[in-house]
1. List the GluC sites (Glu not before Pro) within the range 346-401 that DSSP assigns to loop and that have no more than 15 neighbouring Cβ atoms inside 10 Å.
2. Starting from the 7 Å offset along Cα-to-Cβ, what nm value, one decimal, do you get for the label separation of Glu78 and Asp459?
3. With θ taken as phi - 60° and the coefficients 6.51, -1.76 and 1.60, list the Karplus ³J(HN,Hα) couplings across the range 436-447 in order, rounded to whole Hz; mark glycine and proline as x.
4. Exactly which trypsin sites (Lys or Arg not before Pro) in the range 372-462 are in a DSSP loop and have at most 10 other Cβ atoms within 10 Å?
5. Using just the C-alpha positions of the chain as equal point scatterers, what log10 of I(q)/I(0) does the Debye formula give at each q in 0.07, 0.11, 0.13 1/Å?
6. Subtract the Cα-Cα distance of Asn189 and Leu36 from 0.36 nm times their separation in residues, and report this length gain in nm to one decimal.
7. List the residues, sorted by chain then number, that are 5 or more residues from Tyr432 or on another chain and whose placed amide H is less than 5 Å from its amide H.
8. Let's test the formula: R0 of 30 Å, r as the Cβ-Cβ distance of Ser383 and Glu405. What FRET efficiency results, to the nearest 0.05?
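Coordinate-derived values only; no laboratory data. Since this is a predicted model, take the numbers as computed values, not measurements. No Cβ is skipped: glycine too gets one built from the backbone with ideal geometry, and neighbour counts run over all protein chains shown.
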Amino acid sequence: MGWSFELRHANIAAYLTQPNGRLPQLNRSELEEFFLTMTQADRFLVSGNRAFAHLFSLSARESSKSIQPLPDDDRPLESSQVERALGSLRVTFQGFDLFVLPVGSQDSRRAASFAEWAAHATGNKVLVLLPTSLSESEALDIFDPAPPIQEVARQPENWPGVLFWLRTGEATFAPIQKAESLFYRLAENLGAGIQSLAAIIGDCNRQITQGRRGKILHLSDLHFGSSDASAREAWLSTHLMDVRGEFDRVVITGDLFDDTRKEDYQGFFSFWTFLRNTSRKEPILVLGNHDQRTFGNNLGRIGQDHRYLLQLDLSPVVVDDDLQCTFLRFNSSEGGDFARGRISQDQLRSVAVEFSIKCRNRPEIASYPRIALLHHHPYPYASDEEPVNRRRKLLVGRESLVHLEEAEAFLSWCAERDVPLIMHGHKHESRYRAEFVDRRYSAPREITAVGCGTSLGIDGRPQTYNLITWAPDSERWSAQFFSDPGDGSGFREDKIVLYRGVSL
């Protein structure tokens, strides 16, 4: 059986399949759109069982009545309101054993044909979710991802592919070339029980390894020396010990300490030592304005202080042969007054020289994907941006005092150097943004900037970190954004983005 729907509804459907899934953050208009599609089951449901399609539609109509008293605006609803609206539909969705979702496709006809066939082949035990559009080049952008959807973010190299999951939670994301044979195995064992299906999915997860993959833990804006950092460092360290097997390298994008004082540096040094002792590789650091300016601000040379920077490794190019990528490190606080930043042409040339020398000595480095690291954000924050955590209002502040000056020149340099990904901090707001940047002699290059908020929750903000999974063979990556309110109640995944950097 198949259900044709918009891809943005996949996450709602995935939650409904799980008995104890965390509810997504939705507003009334999103619920109305979801129910409208479901109430038209006779139009969108691919099934020979007309009676079931009718029951599907009736269930959706009954559920839609619960949204009538809800506020008619764009604010996310409370979890209890979403639960009341979706609760009765859980029974309908959990009547299936297996769920199938195509995600992206270089050959949409093949994926569509496979999905249509699968929808008709297995009766009422399988629900195939059929997105109305499959685009291989667009980002898959989902808030509050359900556990099955999270599997897509963990394996970006398998995109385009097909996501399989069970009502009991087991999931696998298979590349399109292997999805058909996996479906045959699952279809043949539908009568053998859910445990048999779970064993097949577990076996598939052990076998599916499509080339190289590395994971980068992205921290930022620690501000050691502040009261928030002192209070929350133990919780972040404890959590990182629990997840340390999930990343290969740590990147910290600036504002390591709050002020250029000895005690602030010593607080960071203790945390830095912890990271070095729990990781196989040196954490990669870039400097922020607070690391070299008195309370983060300067006017010309007044306020600059570099006393504690000589003890840090700040070489401009870091090659990671295990991840098979190259990190290009920039000090965006070398120029700019107040909290603003600037990267000079001298620094761009210095990075280019160091990179060229490494490539000459080791030619294979030239083929490694490049990731640019800096503190300031290369794309300005806009007041109409939707925050990664939908329950929080995006605090843009005064961009004129904190932005990266001559950002266009830096982005142009990255485009010419074929840099698809930039990691930054500075604004204490997690975000991602992708734009096409013009090049002189070739097609524009799409560059995505991923920003981490504040990992120690400065000024009462949530504690945040990002986990970036990098698949260099396919130039695909995923970004997972995590946050904790700052009270230790637990880091939750606010959003995932599955992305492929492309040129026009």
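1. Passing both the DSSP loop test and the Cβ count: Glu385.
2. Result for the modelled spin labels: 2.9 nm.
3. Taking θ as phi minus 60°, the curve returns 7, 10, 5, 10, 5, 10, 8, 5, x, 10, 7, 10 Hz for the range 436-447.
4. Values: sites: Arg390, Arg391, Arg392, Lys393, Arg398, Arg417, Lys427, Arg431, Arg433, Arg439, Arg440, Arg445; in loops: Arg390, Arg391, Arg392, Lys393, Arg398, Arg417, Lys427, Arg439, Arg440.
In loop regions of the range 372-462 (DSSP not H, G, I, E or B), the sparsely surrounded trypsin sites (Lys or Arg not before Pro) are Lys393, Arg398, Arg440.
5. For the chain, the Cα-only Debye profile gives -0.41, -0.96, -1.25.
6. Full extension from Asn189 to Leu36 adds 51.7 nm.
7. When sequence neighbours closer than 5 places are left aside, the close amide H contacts are Gly451.
8. On the way: r = 20 Å, r/R0 = 0.68.
Computed FRET efficiency for Ser383 and Glu405: 0.90.
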